[in-house]
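Novice: What follows is a structure written as structure tokens; I'll ask about it next.
Each reported figure results from applying straightforward, stated rules to the coordinates on display, with no laboratory input. These numbers come from a predicted model, not from an experiment. Glycine also receives a Cβ, built like all others from the backbone with ideal geometry; neighbour counts cover every protein chain displayed.
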Amino acid sequence: MLAQCFHELTIPTRGRGLYEITQEVGQWLARQPFQDGLLTLHLRHTSASLLIQENADPDVRRDLEAFFERLVPDGDSLFVHTLEGEDDMPAHVRTALTAVNLSLPVRGGRMALGTWQGIYLWEHRRHGHGRHISLHFLGE
Amino acid sequence: MLAQCFHELTIPTRGRGLYEITQEVGQWLARQPFQDGLLTLHLRHTSASLLIQENADPDVRRDLEAFFERLVPDGDSLFVHTLEGEDDMPAHVRTALTAVNLSLPVRGGRMALGTWQGIYLWEHRRHGHGRHISLHFLGE
Amino acid sequence: MLAQCFHELTIPTRGRGLYEITQEVGQWLARQPFQDGLLTLHLRHTSASLLIQENADPDVRRDLEAFFERLVPDGDSLFVHTLEGEDDMPAHVRTALTAVNLSLPVRGGRMALGTWQGIYLWEHRRHGHGRHISLHFLGE
């Protein structure tokens, strides 16, 4: 019999960068009364993203950050929306270029992640924030 | 007892730009016989996107548009597929760089959007189109 | 009565490029005992993507590839993570810029794809790989 659970995860960040949340998500999942189903994550912000990426070499995260800093430079004179700081509009653009939702099948209590996949919260602002992620698990 | 509803929303656009559809989606949701579940949106086109973005300062939308126009310029000589106009291939690239699917938990009849999040249809073509969005709500 | 099915699809690639998988996904769907619901695809890799794109003119895929090769050039001196080849870090960046998850409503056994939409596996590495996609169908 299918049923559903809801949760909100709050992740504190210390400024721009990728924060792995695979374990936090997996721990919540492990406490739910069912094992097989569909997990959905939704990040409730417009200047951070949810990303599935390589969880082995930290240089991958460093290079992702370097690429996005070059592609969407802080303080770009193209931007009119600058009241909230020179990293604010780049943060919105980075969010548009990535995603705020993820959907993952779950079997036997485990998310269908590949061997090298981790789930990351990507903070795009220079200062730290408390970021809220809505979790939904529908399963049996 | 979980059950599901389907709908198709048609959004007329007046050319390139971001059109907020949060209200249209919320109104359909409010008419469904259940309050808690998972909402999925799928845009049935390859030259427009679904985006969750800031719903406060309109300059954010202006700047997003400006950034994408610079990143993927119309009439770029790189492109071979030009028969449907110089904005057509850029529209496909913008769609690839963003998303056509969204998944949102719903509780008490409300989507799990953050305070500053709105749902937008992003028209990437210069001319207006009628854009079709498939909605699916699974809940109880 | 809602129920769910799981499957894993393995797609062999022959190096960088877009491989249409609409038919493989549709065939699996057609074998399931229900017709209406929600289909989720998750690609279990960090150097390939799932993309919904135009399925008519092959030049669209050629131009998408050309755009991404220019945007994220192989061998870019910005990158530190180069051990796995000069196309490896660009593959991770392309994955971040696109998606590894898709969610599609299904009615009467048919995915809610638009007339011109096909589902593609986008291989970002120069060499071929066997790529694994987790499928989940929840329906009735």
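Novice: Where in chain A is the longest stretch that carries no trypsin sites (Lys or Arg not before Pro) classed as loop by DSSP and with at most 16 other Cβ atoms within 10 Å?
Specialist: With a cap of 16 other Cβ atoms within 10 Å, the longest stretch comes to A:32-125.
Novice: With charges set only on the Cβ (+1 for Lys and Arg, -1 for Asp and Glu), what does the dipole of the protein assembly as shown come to about its Cα centre, in debye to the nearest 20?
Specialist: About 1040 debye.
Novice: Which of these, B:Leu51, B:Leu113, B:Leu39, has the largest mean-square fluctuation under a Gaussian network model of chain B (Cα springs below 10 Å)?
Specialist: Judging by the Gaussian network model, the answer is B:Leu113.
Novice: While we're here: Would you kindly state how much longer the chain becomes between A:Thr115 and A:Glu65 on full extension, computed as 0.36 nm times their sequence separation minus their alpha carbon distance, in nm to one decimal?
Specialist: 15.8 nm
Novice: Continuing with the same structure: Using a label point 7 angstrom from Cα along Cα-to-C-beta, what distances in nm, from shortest up, separate A:Met1 from the other copies?
Specialist: Counterpart label points of A:Met1 in the remaining copies fall at 1.2, 1.2 nm.
Novice: Which residue, C:Ser77, B:Ser49, A:Gly109, has the largest displacement toward the positive end of the dipole of the protein assembly as shown when charges sit on each Cβ (Lys, Arg +1; Asp, Glu -1)?
Specialist: The Cα lying farthest towards the positive end belongs to A:Gly109.
Novice: Grab the Cα-Cα distance for B:Trp28 and B:Leu83, subtract it from 0.36 nm times how many residues apart they are, and report the gain in nm with one decimal.
Specialist: 16.0 nm
Novice: Using the Cα centre of the protein assembly as shown as origin and beta-carbon charges of +1 (Lys, Arg) and -1 (Asp, Glu), tell me which of B:Cys5, C:Met89, B:Gly118 is placed farthest towards the positive end of the dipole.
Specialist: Selected residue: B:Cys5.
Novice: Which one of B:Phe68, B:Phe79, B:Phe34 has the biggest mean-square fluctuation once chain B is modelled by GNM with Cα springs under 10 Å?
Specialist: B:Phe79
Novice: Report the GluC sites (Glu not before Pro) located in the stretch C:39-75 that are in a DSSP loop and have at most 10 other Cβ atoms inside 10 Å of their Cβ, or state none.
Specialist: none
Novice: Put a label point 7 Å from Cα along the Cβ direction on A:Leu78, then list its distances to the equivalent points in the other copies in nm, shortest first.
Specialist: Spelled out, the distances from A:Leu78's label point are 1.3, 1.3 nm.
Novice: In degrees between 0 and 90, to the nearest 10, how far off the longest principal axis of chain C does helix C:58-71 point, with axes built from Cα atoms?
Specialist: That works out to roughly 50 degrees.
Novice: Work out the mean other chain Cβ neighbour count within 10 Å for the residues of A:132-140 and drop it here as an integer.
Specialist: Across the residues of A:132-140, the mean count of other-chain Cβ atoms within 10 Å is 5.
Novice: To continue, here is another question. From other protein chains only, count the Cβ atoms within 10 Å of every residue's Cβ in A:31-41, then give the mean.
Specialist: Mean number of neighbouring Cβ atoms from other chains: 3.
Novice: A follow-up question, please. In the neighborhood of A:His42, defined by Cβ-to-Cβ distances under 13 Å, what is the net charge if each Lys or Arg adds +1 and each Asp or Glu adds -1?
Specialist: On the way: positive: A:Arg44, A:Arg131, B:Arg107, B:Arg110; negative: A:Glu8.
Surrounding charge for A:His42 is +3.
Novice: Say we join alpha carbon atoms closer than 10 Å with springs in a Gaussian network model of chain B; which of B:Ser77, B:Ser103, B:Ser49 then has the biggest fluctuation?
Specialist: Taking springs between Cα atoms under 10 Å, the residue moving most is B:Ser77.
Novice: Let me ask something else. How big is the gap, in Å, between the Cα center of the stretch C:89-120 and the Cα center of the stretch C:1-61?
Specialist: 7 Å
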